[in-house]
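The values are calculated or read from the model by the stated rules, or taken from the named source; none is laboratory data. Keep in mind it's a predicted model, so treat the numbers as computed, not measured. Cβ atoms come from the backbone with ideal geometry, glycine included; neighbour counts cover every protein chain shown. Remember, those area values only see protein heavy atoms, side chains included, never the ligands or the DNA or RNA. Shrake-Rupley method; radii C 1.70, N 1.55, O 1.52, S 1.80 Å.
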Amino acid sequence: MFEGVNASDGIGIGTAQVAVEPDLSYTPSTHQDTDEEEIARYKSALDAFSKKTEVQADRMKVSVGESEAEIMTGHITMASDPFMVDEITNRIKQGMCAEQALDEVCDMFYSMFDASDEQLIRERCADVQDIRAGIMAELLGKQLIDLSVLPEGSIIIVHDLTPSMTASIDKENVAGIVTETGGRTSHSAIIARALEIPAVLSVKDCCTSIRNGDTLVVNGTKGEVTVNPPADELERAKKAAAASAAEKAALEAYRGKPTETADGDKKLLVANIGNPDDATGATEHDAEGVGLFRSEFLFMDAKELPSEDDQFAAYQKVALRMKDQPVIIRTLDVGGDKEIPYLNLQKEDNPFMGFRAVRYCLNNPDQYKVQLRALLRASAFGDVKIMLPLVTCIDEVRSAKALVRECMTELDAQDVEYNKDIEVGTMIETPAASLIADDLAKECDFFSIGTNDLIGYTMCADRGNDRVSYLYSVYNPAVLRSIKRIVECGNDAGIMVGMCGEAAADPLLIPMLISFGLGEFSVSAPSILRTRKIISQWTKAEADSLAETVMALKTADEVKCALAAAAK
Amino acid sequence: MAPHVVASPIDKGPSRVIRKNKESHMVSKKVTLTNPQGLHMRPAGTFASTMGKFASDVTVVAGGKDVNGKSPMALMAAGIGCGTEIEIKCDGADENDALEAAVQLVESGIGE
């Protein structure tokens, strides 16, 4: 049995599919067969590549969208370009092996695209690389990582789940995810929870010690992976999986119920979403709105800056789907671990302390205003609110609000409708923002505590660094005091204070948040009903008495033990 | 708009040598590209595959460069933007039909 981080609840039973980047190296040589045979070998590789790509495109049309699928069909068009095929066959006729011919011709096309002074054309370089890898894999008889065409009951074993890989996951066929890296708050974990796929992360050497075809039991609740269990153990796992499904069914009792504490104090329970389609998941899980719409996915999925109309369409879609419920949209949070290639940001030695989020946006006001205008236009269609990420000083809030006002004037001049009373709030995710929360509260319409970064910046600990991740815990007294202060400052100023980090759904922490006076809980959609249940189990008085004890404790372990002992 | 720099392989023109003989004289016509985003993946693919049905060599002249009209990659790399005047040259047995089809396609907005 392997142990790892319990990243996404549930028990998945299935067959291992180890996704390892294939080695596409070869020895450049002259081919030994006749020219015709070598050309035929190339053509059959090209055919196989085209067929696979077509299947992928068809699936993506349904699972992701028409425009993403079109990129795949474009790959077929490019790979079957008669000019490209001619260039390759000519090289084979000169005696070159198919692999080298493909490499050379791809290099040629690559430099052709790369030489363009238009960004859009230079981006085709990435397509050339995809085509090269795809056909090369066919020539060498290797498999590329493709998570969209897995058989039913697959358990993905991969070093790290990248955003582009997750885009193609078909959740119907994936019973579990096991990775070598990442913690509970990593991208892999967030995606796994959003897709409701059981996941265990940071399993050392899983890609080498688990083999394709192994039968696996992935316990995402406990963080355990069992390889080829004996029949009786497999049977027990199946029963446990059924029980976990039953617990999920029991939570259905909380569907459609108001979110309130045991003594009737109303709370707002909303969802974190990453793209417009997630809004459907949010309503399906009975969310009362959206507490965090991460707009960067719009930018990361694109090959160039999304236009104002494209952004407006995405924000409007969410606003309309959530009807009159609040929708908090966070403006672009680029930098840190979120890279957007076409922005051409410089590599930094310390990206988490560098040019990111609102810092980048305020330094590129024309670009920022495109997003702000799109947000304002969407506010005519629902209760859209604007949220600024990574605020550290009051100037940032003032500058952003000045840009919002500029955009309003522009829209007025064009007679475009928007909500003139749109709320502008900030994430509180830096120690600096926490320390000036009293002042910030006077200039903001709401706060949302981003615990993921707040913990990291407060404890100076990278959650992805195995050697210091023990420090990365919300239970540290330093973090709890910071959260308490932020909630109190917001409440004193009469503004709403929410939390959109992972901690808002932490069953142990919820009574503390009730005691502090948190008004809004923004959690991943699948955690909505469970969070509602836990909130309903506590009265303010009970939560206060627990908080009094806990806030006097000195260590994270003591805090966690006390909270676990009190948990209902 | 500024002429686009196209790397050397394309500068050599179509991969087949243009035949100059008595039956075939090469026909050409100038048209303006109206696709809003220029000749990107989809229209380039449509244009090249339509041209691929003809036996004639098809060359698109844009910004002073000859581009193989049957190659979607070469067409894309040429970065022909909206509003660019291009010259389409067809040379071969079915050159008149090819040119007519090409001109019609560009004028109709290449399916966009």
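Here are the numbers:
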read-out	value
Partners for A:Lys338 among lysines (Cα-Cα distance below 17 Å; same-chain residues under 8 apart left out)	A:Lys303, A:Lys347
Per-residue mean of C-beta atoms belonging to partner chains within 10 Å, peptide A:123-133	1
Calculated from backbone phi, Karplus (6.51, -1.76, 1.60) coupling profile of the range A:88-97 in Hz, x at Gly/Pro	6, 5, 4, 5, 5, 5, 7, x, 6, 6
Chains B and A, summed buried accessible surface - 1.4 Å probe, Å², nearest 100	1800
Portion, in percent, of the accessible area of the range A:262-566 that falls on carbon or sulfur, probe 1.4 Å	49
Integer Hz, Karplus 6.51/-1.76/1.60 couplings in order for the range A:135-141, x for Gly and Pro	6, 4, 4, 5, 4, 8, x
Degrees between helix A:365-378 axis and first principal axis of chain A (Cα, 0 to 90, nearest 10)	70
Normalised per residue, the volume of the convex hull around the Cα set of the range A:500-568 (Å³)	83
Summed side-chain charge close to A:Phe521 - residues other than A:Phe521 whose Cβ falls under 14 Å, Lys, Arg +1, Asp, Glu -1	-2
Under the Karplus curve 6.51 cos²θ - 1.76 cosθ + 1.60, θ = phi - 60°, whole-Hz ³J(HN,Hα) for the range A:449-465, x wherever Gly or Pro sits	7, x, 5, 4, 7, 4, 5, x, 6, 5, 8, 6, 9, 7, 5, x, 9
Computed magnitude of the charge dipole of the range A:74-177 (debye, nearest 20; Cβ of K, R +1, Cβ of D, E -1)	220
Two-site label geometry, A:Arg405 and A:Cys393: point separation in nm, points 7 Å out along Cα→Cβ	2.0
Summed side-chain charge close to A:Gly14 - residues other than A:Gly14 whose Cβ falls under 11 Å, Lys, Arg +1, Asp, Glu -1	-2
Surface/4 estimate of mean projected area, convex hull on alpha-carbon atoms of the range A:262-566, nm²	15.3
Spacing of the two label points (7 Å from each Cα toward its C-beta) at A:Lys442 and A:Glu3, in nm	5.1
Cα-based helix-to-principal-axis angle, A:477-493 vs chain A, degrees rounded to 10	70
Mean residue ellipticity (222 nm) of chain A, computed from DSSP H runs ≥ 4 via -39,500 (n - 2.57), nearest 500	-15000 deg cm²/dmol
Cα-based helix-to-principal-axis angle, A:98-114 vs chain A, degrees rounded to 10	50
Kirkwood estimate for chain A, i.e. one over the average of 1/r between Cα atoms, Å	25.7
Accessible area, probe 1.4 Å, largest first, for residues B:Lys70, A:Lys560	A:Lys560, B:Lys70
For the range A:152-305: rounded, prolate or oblate by the Cα gyration tensor [a/c cutoff 1.5]	oblate
The range A:209-225 and the range A:497-518: distance between their alpha carbon centers, rounded to Å	32
Whole-number accessible area per residue in Å² for the protein assembly as shown, which is evaluated in the context of all protein chains at 1.4 Å	44
